[in-house]
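Structure first, then comments.
The values are calculated or read from the model by the stated rules, or taken from the named source; none is laboratory data. For clarity, every value in this text was computed on a predicted model and none was experimentally measured. Cβ placement follows ideal geometry from the backbone for every residue including glycine, while neighbour counts extend to all protein chains displayed. All accessible areas refer to the heavy atoms of the entire protein, side chains included, with ligands and DNA or RNA removed. Shrake-Rupley method; radii C 1.70, N 1.55, O 1.52, S 1.80 Å.
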Amino acid sequence: MNTPPPPYPAHPQTPGPYQPPAGPFGQAPGPYGPTPASYPQAPGPYPLAAICQVCGAAPAAPVTIRGHQGLVVIMRFLRRQGAFCRTCALASFRDMQADTMVMGWWGPLSVLITPFVLLANLSALSGIRRIPEPVTPGWRPPLNPGKPVFRRPAGILALVPLGLLGLVVLAVPLLLLVGMLVGPDGGDGPPTLTAGSCARNDAPWPEQSLRPVGCGSSDAQYRVVDPTDGPCASRDYLAYPEYSKDGVSLCLHPLKR
């Protein structure tokens, strides 16, 4: 019986730079291609990662819009806050501003609070206009901005309280100015008589309703005399002290006609 030939001996391998694979998936260590990097962002302060919470469009920015309702006895402070795209933010602003213009005046304190809320929303509107137009579509259509505030029935109706408030604001400094020009007397007190002038009494004595008139006029009844220049004559009348600048009763000498 023939004996099988022995197996060929294994040929020894020459050592070299090749190393056994490493890693759980048998991949050789080392970088394969470029390392992952962050995606480029659109120019401006609003990153593409900020998306609108209403429609999902980008870019979006944080926006805060406030509202107010006066309910005679109580009041409500409203606020809508979040990340909005330009279109959804403008729609939210117009709706909140129009509702506040109609519902914000019906309370004693609400009349004072509502103007400040409306002004604060105008400041928010300037920030909304700085948001770029959407460049990435969302998963649903954006809100409809609709007509501007003052082209809506609510905005036209709000012109009435806004106009009244404007009149009050203008009337207060105007009244103060008139009071300063007229002076403390204000024309409500009796007229002031001066020595040497003439006067007339439009009321039956002993009541007095004196008014100054020209000495050459037929209406002149008395000549005003200062008692400090000499005592009043026996037939003279005494005017009330309020007709004198110094609070002294002036003499009224009857004129002969």
| message | What is the percent carbon and sulfur in the accessible area of region 73-232, measuring with a 1.4 Å probe over the protein chains and ignoring ligands? | response | 66
| request: Could you work out the Rg to Rh ratio of region 103-255, with Rh taken as the Kirkwood radius (inverse of the mean 1/r over all Cα pairs)? | output: 1.46
| note | In whole angstrom, the spacing between the Cα centers of region 199-238 and region 58-73 equals 71
| remark: If every Lys and Arg gets +1 and every Asp and Glu gets -1 at its Cβ, then about the Cα centre region 97-181 yields a dipole, in debye to the nearest 20, of 260
| note | FRET efficiency (Ser123, Lys245; Cβ distance; R0 41 Å; to 0.05) is 0.15
| remark: The FRET efficiency for Leu165 and Arg130, from their Cβ-Cβ distance with R0 = 45 Å and rounded to 0.05, is 0.95
| Given the protein chains as shown and a 1.4 Å probe, how many square angstrom of Asp99 are accessible, to the nearest 10? | 90
| note | Under a 1.4 Å probe, counting only protein heavy atoms, Arg76 has an accessible area in Å², nearest 10, of 120
| message | Suppose the chain between His253 and Ala233 were pulled fully straight at 0.36 nm per residue; how much longer would it get relative to their current alpha carbon spacing? | response | 6.4 nm
